[in-house]
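Every number in this text was worked out from the coordinates using simple rules, so none of it is lab data. Treat the numbers as computed from the prediction; the structure is a model and nothing was measured. Reconstructed Cβ throughout: ideal geometry from the backbone, glycine too, with neighbour counts over all protein chains shown.
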Amino acid sequence: MKEKNEWTQTEYLVNKTELEEQGINVYLIDTILNPIEGADTMTYNPVALKDAPKGSYFIFYCDTGKASLERLDEYRKKFPEQTCISLRGGRGYWRPYLRAETLTKTP
């Protein structure tokens, strides 16, 4: 479920909620200096990201999701103690009306 190379926005929202309920931090990381409106993003800064708790999830995004997916191996080497995933479709496919509270959990 969570150990994929890419997450859709829906997967991100559902998994983020589930992981945070387990005490695991999930960061949506902006690699293009263009935050997603209405989303809690963090600008890509390797020095600051090194301070994230071990076992955190880093979800990287760009405009289309292609560059962040291509760089996934680089991110995984740079942050071996974290789970690194690319946001499928990137910023371009983000739907501001889609929120975690509107999604139903699967039993």
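Summary table
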| quantity | calculated |
| --- | --- |
| Sequence-distant residues sharing a close amide H with residue 84 (under 5 Å, placed H) | 58 |
| Sparsely packed chymotrypsin sites (Phe, Trp or Tyr not before Pro) within segment 25-101, loop by DSSP, other Cβ within 10 Å at most 13 | 97 |
| The chain - mean residue ellipticity at 222 nm from DSSP helices (-39,500 (n - 2.57) per run, n ≥ 4, rounded to 500) | -7000 deg cm²/dmol |
| Dipole magnitude (debye, nearest 20) for segment 6-102, charges at Cβ of Lys, Arg, Asp, Glu | 260 debye |
| Debye equation applied to the C-alpha atoms of segment 31-88, log10 I(q)/I(0) at 0.13, 0.15, 0.20, 0.21 Å⁻¹ | -0.30, -0.41, -0.73, -0.81 |
| Two-decimal Rg/Rh across segment 6-102, once Rg and the Kirkwood Rh are taken from alpha-carbon atoms | 0.93 |
| Candidates 90, 55, 38: whichever shows maximal mean-square fluctuation once the chain is modelled as a Gaussian network with Cα springs under 10 Å | 38 |
| Taking 76, 91, 99 and counting other C-beta atoms within 10 Å, the order from fewest to most | 99, 76, 91 |
| Exposure proxy order (Cβ contacts within 10 Å, fewest to most) of 40, 30 | 40, 30 |
| Fully extended contour minus Cα-Cα distance, from residue 79 to residue 97, at 0.36 nm per residue | 3.3 nm |
| Selection of GluC sites (Glu not before Pro), segment 19-75, meeting DSSP coil and at most 15 other Cβ within 10 Å | 37 |
